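**Q** This is the structure I want to talk about, given as C-alpha cells.
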There are 2 protein chains.
Amino acid sequence: MDESISTERDYLDLKRTLRALGDVVRLHIVEILGRQGEMTVTDLTQQLVVGGRLVSQPLVSWHLTMLRRATLVQTRRTGRLVYCTLDRERYQASLRMLSELVVGPSQTLPLRPAPPVVGSAPSPADRTGARR
Amino acid sequence: MDESISTERDYLDLKRTLRALGDVVRLHIVEILGRQGEMTVTDLTQQLVVGGRLVSQPLVSWHLTMLRRATLVQTRRTGRLVYCTLDRERYQASLRMLSELVVGPSQTLPLRPAPPVVGSAPSPADRTGARR
DNA sequence: AGGACACATAAGCGGTCCTTTATATAGCAA
DNA sequence: TTGCTATATAAAGGACCGCTTATGTGTCCT
C-alpha cells in the first residue's frame, strides 16, 4: 500500500549515491576499485593521482568514509591492513535506477507536445535566465 | 599523447552532472521532464511534490538554474512562458560514462533488470572505521 | 617494552549548497 | 498607464563539503 513511500525512499537513496559519486577523487577511487578489485588503502592511496597530484592519506581515508556512508564501498580489516571493495551490485543498481528514472520501465515514450510557439519575430536575445 | 588530459576533463564533467543530480528535488524534476517532455516552469512547479510538500516557485527556479549549469536541461522563452527540456543525450552520455568507469570500455554492461537483492546486512562486528 | 607501520579521527577554515522571504523583471491585457 | 501573470534574482542563514595539519589508535616486529 502506498508505494510512493518506498519510491520516496528510493529518491533519498539515489541522492546519497549521487552525492558520494559527485567528487573527482571519489570517482577515481571508484574507478580504481572497479578495475582492480579489492585492495589495500595504502595501495589505493599510492595509485590515487588526481589533479596531477597524489592525494594525502587522511584525505583518502575521509573519502572512503564518504563512500562507505553511501554503501558504495565496503572495508574489512586483516591485521593492520584494511581492504576495500567496490559494491558493484549497488553501483549497478543505482545506474539502473537512473536509467529508469528518465525513460521509464516501458523504455519508449513518443512525447510530442507541440511547441505552442508560433512564428514570433526574431526573438530578441532570449534571456530565460541563462547566464548572469 | 597524454590522453589523460581529456580524461581528467571527463572526470570534472561527470562530477558536475552527478552533483546536479544529487538532490531529491532535482531528481524529481529530471523524472518529470524525462517522462513528459518539454513543459512550462509553472506546469513543472505544480507537479513538483517532493516531501509530500510542493516546492516553492523561487526554489524551482533555482534548481533549474543548477540543472542548467550542468547542461542537463535547456530552457527557451516564448512570450512570458519558459519551456524546459531535459537533455537526454547528455543524461545518457553520463550514464554511459558511469557504466564504463567501473567495468572498462570494452564491456559496457547492458544494465540488466535487478536480480533479487541478496540480504547482505552489514555485519555489526566489522569496525574498520564505519561508525564513530 | 619500544618502535615502525597502516589507518582513522580531530580541529579548523573557506567554500558551496539549500532553503525561505522578499523583491525585481518581462510580457500581456485592458 | 495600471494591473496581472510568469519567472528570475537578492539577501541571509544554517548546514554540509573538501582539504590540510596534527594527533590518535591498532597492529606487527624485535
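**Q** Regarding B:V50, is this residue more than 10 Å from chain A (Cβ to nearest Cβ) and either at pLDDT below 95 or within 15 Å of DNA strand C (Cβ to nearest atom) (or both)?
**A** Values: more than 10 Å from chain A (Cβ to nearest Cβ): no; either at pLDDT below 95 or within 15 Å of DNA strand C (Cβ to nearest atom) (or both): yes.
Here the answer is no, as B:V50 does not meet what is asked.
**Q** Could I ask something else about it? Can you find even one residue in the stretch B:68-77 that is within 9 Å of DNA strand D (Cβ to nearest atom), surrounded by 14 or more Cβ atoms within 10 Å (Cβ to Cβ), in a helix (DSSP H, G or I) and within 9 Å of chain A (Cβ to nearest Cβ)? Reasoning before the result, please.
**A** Keep residues of the stretch B:68-77 that are within 9 Å of DNA strand D (Cβ to nearest atom), which gives B:68, B:75, B:77.
Next cut, surrounded by 14 or more Cβ atoms within 10 Å (Cβ to Cβ) only: B:68, B:75, B:77.
When the remaining residues are screened for being in a helix (DSSP H, G or I), the result is B:68.
Narrowing further to those that are within 9 Å of chain A (Cβ to nearest Cβ): B:68.
Taking every residue of the stretch B:68-77 in turn, at least one turns out to be within 9 Å of DNA strand D (Cβ to nearest atom), surrounded by 14 or more Cβ atoms within 10 Å (Cβ to Cβ), in a helix (DSSP H, G or I) and within 9 Å of chain A (Cβ to nearest Cβ).
**Q** Then there's this: So B:K15 passes all but one of these: (1) basic (K, R); (2) more than 12 Å from DNA strand C (Cβ to nearest atom); (3) crowded, with 18+ Cβ neighbours inside 10 Å. Which condition number does it fail?
**A** Unmet condition: (2).
**Q** Within the stretch A:96-107, identify whether any single residue is within 11 Å of another protein chain (Cβ to nearest Cβ) and within 15 Å of DNA strand D (Cβ to nearest atom), and answer yes or no.
**A** Checked against the condition, which is being within 11 Å of another protein chain (Cβ to nearest Cβ) and within 15 Å of DNA strand D (Cβ to nearest atom), the stretch A:96-107 yields no hits at all.
**Q** Does B:R88 satisfy the condition of being away from DNA strand C (no atom under 16 Å from the Cβ), under 17 Å from B:I32 (Cα atoms) and either at pLDDT below 95 or at the interface with chain A (Cβ under 10 Å from one of its Cβ atoms) (or both)? Spell out how you get there, then give the answer.
**A** On the way: away from DNA strand C (no atom under 16 Å from the Cβ): yes; under 17 Å from B:I32 (Cα atoms): yes; either at pLDDT below 95 or at the interface with chain A (Cβ under 10 Å from one of its Cβ atoms) (or both): yes.
For B:R88, the condition - away from DNA strand C (no atom under 16 Å from the Cβ), under 17 Å from B:I32 (Cα atoms) and either at pLDDT below 95 or at the interface with chain A (Cβ under 10 Å from one of its Cβ atoms) (or both) - is met.
Results for (1) on the phi > 0 side of the Ramachandran plot; (2) among the hydroxyl-bearing types (S, T, Y); (3) surrounded by 14 or more Cβ atoms within 10 Å (Cβ to Cβ), shown as yes or no for each residue.
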residue	(1), (2), (3)
B:R9	no, no, no
B:D23	no, no, yes
B:E31	no, no, yes
B:Q36	no, no, yes
B:M39	no, no, yes
B:D43	no, no, yes
B:T65	no, yes, yes
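The values are calculated or read from the model by the stated rules, or taken from the named source; none is laboratory data. Just so you know, these numbers come straight off a predicted model, no measurement behind them. Cβ atoms come from the backbone with ideal geometry, glycine included; neighbour counts cover every protein chain shown.
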